[in-house]
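The values are calculated or read from the model by the stated rules, or taken from the named source; none is laboratory data. From a predicted model like this one, the values you see are computed outputs, not experimental measurements. All Cβ positions, glycine included, derive from the backbone under ideal geometry; neighbour counts span all protein chains shown.
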Amino acid sequence: MTAVTGSPLVLGIETSCDDTACAFVDGSGRVLASVVSSQLAVHLPYGGVVPEIAAREHLRNWTPVFAAACTKAGVAIEDVEVVAATRGPGLVGALLVGLSLGRAVAWSRGLPFHGVHHLEGHLYSPFLGAHGEPAEAVPDAFVGLVVSGGHTSLFAVERSEEAARVETLAETRDDAFGEAFDKLGKKLGLPYPQGPQVDALAERGDAAACPLPVAAAPKGELFFSYSGLKSQAILELAKRGGPSEQDPAQWAQPLLDLCAGFRAAAVAQVIDRVARLHRRQPIALLAVSGGAAANRLLRRQLEAWCAAEQVALRLVPLVYSGDNAAMIAYAALLRQRRGESDDPRWVEAASRIAM
Ligand code: KG4
Ligand code: ZN
């Protein structure tokens, strides 16, 4: 046995989409290793993630990813005390690779197993330490905002050492925040994932030169909607004409302004919904996670709004905003502490599952 800092040592596996991820988290929530192997280059020629290819790539990548995580953490498979894998939502073929691996390890070694909901992983990720320190104690009550390529959601979380209750307060009615960035970026001719690139281009633009409306929701409603904004931005793009240069560094100012106007309206909608919720029931702590929580304007505006409203804010560390297995291992550790677990023989992968 290798020396492990704090029991139980949790092995986390995440293969819900196009990232093959493996992590080790110890009993204090300290991330000992978090390895993410991106399949971006393989899917690039197809303009998006091809489910069948994603599944095969996970199989190919798993062995080196697992070996790298063991080396980084200084642990061996014999040290693992709890096993966790994402059970959904995601691409079923891709999920099946990681879930089957996790189930097999847990069953063959008689270890506790957790089939973790992908969003539950994101939800608690703002409490992970970015520099190898133990996780911050998760508060008994908080509001979780998850912004990714598939979700734009607000959750009310109430938990204790014995139980956890997650209530969905708001979801998107159509496109998700990150998805809208990806779709506009695709129209601009950028490769997937376009979200971070549109964000970077927006940094160089002037939002006031291309104002776009913030999607309203009827009084008392909290839902998000991004397809109208996406369509308006694409119409605006048609008016301005697409990029004349392939290299975004050479793009003319009106295109940068369009990116900035789009981003400002997208972020303003998030702030509007959070502010509405706060008026309805004051938020003590807002925990923000998901791949699109890396958005620079979103982070700045949430920081400003929370400071003005005296709401405590936890923004997910950038290393854990995108899909990773540390968040899956950590969500499993919280479940393990509550005395929950799943029978590894019976956990099934599902493309869509409620929280
Ligand atoms: O959580 P994640 O890695 O995968 C999902 O579960 O969806 O999120 C990926 C999504 C993609 O849509 C990506 O374009 C978006 O997050 N994203 C961003 C930024 N960074 C990643 N969207 C806007 N601005 C960013 N900086
Ligand atoms: Zn995700």
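I need the full set of residues from segment 266-294 which are among the β-branched types (Val, Ile, Thr) and over 14 Å from Leu313 (Cβ atoms), in order please.
Val267
Within 16 Å of ligand 1 (Cβ to nearest atom) and closer than 21 Å to Val267 by Cβ: does that describe Leu145? Spell out the reasoning first.
On the way: within 16 Å of ligand 1 (Cβ to nearest atom): yes; closer than 21 Å to Val267 by Cβ: yes.
So Leu145 fits the description; yes.
Checking Ala84 against (1) surrounded by fewer than 19 Cβ atoms within 10 Å (Cβ to Cβ); (2) assigned to a strand (DSSP E or B); (3) not charged (D, E, K, R), which test does it fail?
(1)
Just for segment 296-326: of the residues that are of a type outside the set (D, E, K, R) and within 20 Å of Val92 (Cα to Cα), which one is farthest from the chain's Cα centre (by Cα)?
Of everything passing the filter in segment 296-326, Ala325 is farthest from the chain's Cα centre (by Cα).
Can you name the residue in segment 108-155 that is more than 18 Å from Cys306 (Cα to Cα) and aromatic (Phe, Trp, Tyr) and, of all such residues, is surrounded by the most Cβ atoms within 10 Å (Cβ to Cβ)?
Tyr124
Just to verify a result, which residue in segment 37-80, among those that are part of a loop (DSSP other than H, G, I, E, B) and not aliphatic (A, V, I, L, M), is modelled with the highest pLDDT?
The qualifying residue modelled with the highest pLDDT is Gly74.
Could you tell me which of the residues Glu171, Glu158, Glu167 is surrounded by fewer than 18 Cβ atoms within 10 Å (Cβ to Cβ), over 18 Å from Arg352 (Cα atoms) and charged (D, E, K, R)?
Exactly one residue qualifies, and that residue is Glu158.
Condition check ((1) within 12 Å of ligand 2 (Cβ to nearest atom); (2) on the phi > 0 side of the Ramachandran plot) across all residues:
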| site | (1), (2) |
| --- | --- |
| Gly115 | no, no |
| Leu119 | yes, no |
| Gly132 | no, yes |
| Glu136 | no, no |
| Leu154 | no, no |
| Ala176 | yes, no |
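Among the listed residues Gly27, Gly12, which satisfies the condition of being surrounded by 23 or more Cβ atoms within 10 Å (Cβ to Cβ) and either within 16 Å of ligand 2 (Cβ to nearest atom) or part of a loop (DSSP other than H, G, I, E, B) (or both)?
Result of the check over Gly27, Gly12: Gly12.
Condition check: small (Gly, Ala, Ser), within 30 Å of Phe155 (Cα to Cα) and either crowded, with 24+ Cβ neighbours inside 10 Å or away from ligand 2 (no atom under 14 Å from the Cβ) (or both). Does Ala94 satisfy that? So that I can check it myself, show each step before the final result.
On the way: small (Gly, Ala, Ser): yes; within 30 Å of Phe155 (Cα to Cα): yes; either crowded, with 24+ Cβ neighbours inside 10 Å or away from ligand 2 (no atom under 14 Å from the Cβ) (or both): yes.
Answer is yes for this residue.
Which one is farthest from ligand 1 (Cβ to nearest atom) among residues in segment 87-102 that are outside any loop (DSSP other than H, G, I, E, B) and small (Gly, Ala, Ser)?
Ser100
Can you confirm whether segment 278-294 contains a residue that is at positive phi, modelled with pLDDT of 95 or more and crowded, with 23+ Cβ neighbours inside 10 Å?
As a first pass, look at segment 278-294 and keep what is at positive phi: 290.
After this cut, where a residue has to be modelled with pLDDT of 95 or more as well, the list is 290.
From what is left, the residues that are crowded, with 23+ Cβ neighbours inside 10 Å are 290.
Checked segment 278-294: at least one residue is at positive phi, modelled with pLDDT of 95 or more and crowded, with 23+ Cβ neighbours inside 10 Å.
In segment 152-172, how many are at pLDDT 95 or above and either under 16 Å from the mean Cα position of the chain (by Cα) or among the polar types (S, T, N, Q) (or both)?
Qualifying residue count for the region: 7.
Output the number of the condition that Val105 fails; it satisfies all remaining conditions of (1) more than 16 Å from ligand 1 (Cβ to nearest atom); (2) of a type in the set (A, V, I, L, M, F, W, C); (3) under 23 Å from the mean Cα position of the chain (by Cα).
Checking Val105 against (1) more than 16 Å from ligand 1 (Cβ to nearest atom); (2) of a type in the set (A, V, I, L, M, F, W, C); (3) under 23 Å from the mean Cα position of the chain (by Cα), the one that fails is (3).
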